[in-house]
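In what follows, a single structure is set out as structure tokens and then discussed.
The values are calculated or read from the model by the stated rules, or taken from the named source; none is laboratory data. Remember, predicted model here, so these are calculated numbers, not experimental data. When we count neighbours, we look across all protein chains shown, and the Cβ atoms used for this are built from the backbone with ideal geometry, even at glycine. The accessibility values were calculated without ligands, DNA or RNA, using every heavy atom of the protein model including side chains. Shrake-Rupley method; radii C 1.70, N 1.55, O 1.52, S 1.80 Å.
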Amino acid sequence: MAQSFPTPLTQLSEEETLFFSTVRQFAQDKIAPQVSAMDERQEFAAGLVDRLFGLGLMGIEVPEALGGAGGSFFDAVLAVEAISTVDPAVAVLVDVHNTLVVNALRRWATAEQKIRWLPKLASGTVGAYALSEAGSGSDAFALQTLAEATPGGFRLSGRKLWISNAREAGLFIVFATVDRGAGYKGITAFLVEKGTPGLTVGRKEDKLGIRASSTCELILDGCQVGLECVLSDPGKGYKIAIETLNEGRIGIGAQMLGLAEGAWGHAARYAKERKQFGKPIAEFQAVQFALAEMATEIEATRLMVYNAARLKDAGRPYVKEAAMAKLFASCVAERVASQCVEVFGGNGFVRDYPAEKYYRDAKVGKIYEGTSNMQLMTIAKHTLGK
Ligand SMILES: Cc1cc2nc3c(=O)[nH]c(=O)nc-3n(C[C@H](O)[C@H](O)[C@H](O)COP(=O)(O)OP(=O)(O)OC[C@H]3O[C@@H](n4cnc5c(N)ncnc54)[C@H](O)[C@@H]3O)c2cc1C
């Protein structure tokens with residue numbers, strides 16, 4: 001009897017292999033030469049965001065009928081991983097746009113909202129996701145931005161903090177409460193277009209890592225939006241936030257995976273070139289073992305990230321696996337990037353070489369889309385019933 005075996009988890013289909021290698025080649029050819037300057041200037045190179053749209057990387061899961069690539073969530077994860085090998089700052093733009101904004105619309109928007117926004121999001125409008133505030137980070141549903149009902153809509157007032165893509169964005173998903181006394185039940189998601197009176201992008205953060213990515217304050221000062229801007233129903237915002245972030249953190253896992261792969265590649269190349277005591281340092285067993293341990297941790301991360309993404313695409317429960325993947329990937333990225341700095345020696349400590357940027361970029365993996373403690377709380381809940 002012919003036996004059939006399940007496909008190995010990390011085996012990519014022909015289309016996935018082609019997609020991954022195309023994005024990676026693009027990252028190496030077009031992004032790599034600009035990484036250092038973008039980090040220094042704290043902005044993306046002119047034309048780069050347009051190129052991401054041109055390659056179809058901003059509408060990965062948008063249906064083809066609406067101008068997107070009609071791909072899977074796993075494809076989005078592959079894109080984030082491939083770009084992160086070269087620049088995690090560019091990857092976060094692609095990640096937030098696809099795994100949070102586009103996903104929220106695909107899952108929760110009305111047919112009219114999808115027809116209005118998905119073709120734009122696939123072709124030239126960057127999306128941003130505005131949940132956090134100065135007083136509400138991990139405790140996201142303590143947010144204070146108010147949505148007062150007005151005839152025909154809502155007036156939004158408040159301040160959002162840490163909003164990725166804010167400088168580039170043409171559409172913001174803004175979370176506000178229709179009733180501050182109602183707790184999470186008042187939280188409502190709004191689709192707010194750039195240029196809406198009362199919406200201003202404020203101060204840009206001067207960050208440790210992913211410096212080219214814009215992270216800004218968002219000011220809502222009596223910003224009037226119509227009923228057609230409500231995503232799903234009033235009071236459903238908490239559900240939208242929880243569900244999109246559950247998916248989104250697999251994207252952050254992919255960002256940290258790609259970062260670790262990128263750092264490892266630089267460390268391995270450098271180790272083969274750099275000579276001490278008359279031979280390449282890669283010939284010393286201590287250096288080989290360091291690289292071998294890093295490679296093993298990266299492989300484990302890949303299995304976890306791919307498994308979470310494949311579970312999500314298969315419609316199977318994935319929340320625990322997503323939290324574990326993000327938690328683990330951010331630890332591995334930090335360890336691998338740190339070890340990469342050491343393999344480079346003194347050159348790892350200066351900006352002329354790529355190691356230190358990976359090290360700086362890795363830190364945010366333990367913070368955004370739920371800190372490591374928040375991931376552990378989710379994992380504890382799913383494993384201990386707590
Ligand atoms: C570069 C960057 C980009 C970002 N992009 C976005 C974005 O696009 N949109 C958006 O809405 N937000 C964004 N954020 C915000 C991010 O999601 C928050 O920073 C994060 O959720 C943590 O919130 P906080 O900074 O308020 O930290 P806090 O919640 O104050 O946490 C501080 C520390 O306390 C710990 N802690 C808090 N509560 C508990 C608890 N109950 N048990 C145990 N430990 C606890 C945390 O784990 C952490 O170590 C971004 C942040 C950064 C840095």
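Heavy-atom accessible area, probed at 1.4 angstrom with all protein chains present, ranks His266, His382, His97 as His382, His266, His97, highest first.
By accessible area, using a 1.4 Å probe on protein heavy atoms only, the chain has 54% of its surface on carbon and sulfur. Summary of packing: across the peptides 291-302, 173-184, the per-residue average of other C-beta atoms within 10 Å ranks them, highest first, as 173-184, 291-302. Measuring r between the beta carbons of Glu299 and Ala149 and using R0 = 51 Å, the FRET efficiency lands at 0.45. Set against the 2.2 N^0.38 Å expectation for a compact globular protein, the chain has a Cα radius of gyration ratio of 1.00.
Cα centroid separation, the range 360-386 to the range 1-61: 26 Å.
You can think of it this way: the chain between Thr371 and Phe289 has 26.5 nm of extra reach, that is 0.36 nm per residue less the Cα-Cα gap. Computed over the chain, the per-residue total of -39500 (n - 2.57) for DSSP H runs of n ≥ 4 gives a 222 nm mean residue ellipticity of -15000 deg cm²/dmol, rounded to 500. Between Gly195, Gly127, Gly186, the residue with the greatest mean-square fluctuation in the GNM of the chain (Cα pairs under 10 Å linked by springs) is Gly195.
Length available on full extension from Thr17 to Ala134: 0.36 nm per residue minus the Cα-Cα distance, which gives 37.9 nm. The 1.4 Å probe gives accessible areas that order Asp361, Asp221, largest first, as Asp221, Asp361. In summary, the convex hull built on the alpha carbon positions of the range 1-158 has an orientation-averaged projected area of 14.0 nm². Here the range 186-271 is treated with +1 on each Lys and Arg Cβ and -1 on each Asp and Glu Cβ, and its dipole about the Cα centre works out to around 340 debye.
Counting only lysines at least 8 places from Lys204 when in the same chain, those with an alpha carbon closer than 23 Å to its own are Lys160, Lys194, Lys357, Lys363, Lys366. Computed on the chain, with alpha-carbon pairs under 8 angstrom and 6+ residues apart, the relative contact order is 16 percent. Per residue, the accessible area of the range 291-377 comes to 45 Å² when a 1.4 Å probe rolls over the protein heavy atoms. A Cβ-based charge dipole, computed about the Cα centre of the range 47-151 with Lys and Arg at +1 and Asp and Glu at -1, lands at about 300 debye. Among the helices of the chain, those built from whole DSSP H runs whose Cα atoms reach 24 Å or more along their own axis and whose mean Kyte-Doolittle hydropathy is at least 0.5 are 319-343. Counting every pair of alpha carbons in the range 172-229, the share spaced more than 18 Å apart comes to 47 percent. Identify, among Ile83, Thr150, Ala140, the residue whose Cα sits farthest towards the positive end of the charge dipole of the range 53-183, taking +1 on the Cβ of Lys and Arg and -1 on the Cβ of Asp and Glu, with the dipole about the Cα centre. Checking the options against the dipole of the range 53-183, the answer is Thr150. Summary value for the range 101-201: 25 percent relative contact order, contacts being C-alpha pairs under 8 angstrom separated by 6+ residues.
You can think of it this way: the chain between Ile242 and Glu342 has 32.2 nm of extra reach, that is 0.36 nm per residue less the Cα-Cα gap. Residues of the range 221-240 with an amide N closer than 11 Å to a point placed 7 Å from the Cα of Ala182 along the Cα-to-Cβ direction: 233-238.
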